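The structure appears right after this line, and notes come after that.
Only the coordinates and a few stated rules stand behind these numbers; no lab work does. Just so it is clear, the structure is predicted and the values come from calculations on it, not from any experiment.
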Amino acid sequence: MPMRSRDLVYGAMLTALSLLIPIAFGNYLRVYLPPFSATLASHVPVMLAMLVSPSVAALVGIGSSIGFLVVLGPVIAARAAVHIAVGIVGAILARNHTFATALLATAPIHALGEVLVVLPFGFSSYEAWVLVGVGTLLHHTADALIALAIAAGIKVAGISIGHHH
């Protein structure tokens, strides 16, 4: 099924945001507890893309990975690549469930994905499971709250960006 023009525009805008957050705002939004790094709001574009479609969510996840590759290198970019799968799964869930349910259901997938990505890079069990795993759960939760607030504001404004409830 080809992507609708409207969806492509939303995807382009959200991808631009997913690039801008780590590149332009990372110094202001980043929490760094070596070896863990979290950039507040960096998941919001892919989370909002879940409301559009799985392909748009994948596109935005790719943009996020590129943004983090430019700024923080391959390990963080590999972690950000997990956003591709999380976005696709979340978009599929958001079609038949509430946006909040999709965000809640993707939190453990997101955390586990990032843990599995860092283990081959020599992270200790504590660093991988506690710092990255628990850190990602907390970061996902904070960004989910931001995404829910933005989605509610968009809905109040009368703008429909997808198939959400």
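Relative to the compact-globule estimate of 2.2 N^0.38 Å, the Cα radius of gyration of the chain comes out at 0.98. When the chain is treated as a GNM with alpha-carbon contacts under 10 Å, the residue of Ala49, Ala91, Ala152 showing the greatest mean-square fluctuation is Ala152. Computed from Cα positions, the angle between helix 5-24 and the longest principal axis of the chain comes to roughly 30 degrees. Computed from Cα atoms, the angle from the helix 135-156 axis to the main principal axis of the chain rounds to 20 degrees. Within the listed set Ala24, Ala107, Ala57, the residue fluctuating most in the Gaussian network model of the chain (springs between alpha-carbon atoms under 10 angstrom) is Ala24.
Separation of the stretch 89-165 from the stretch 7-82 is 12 Å, based on Cα centroids.
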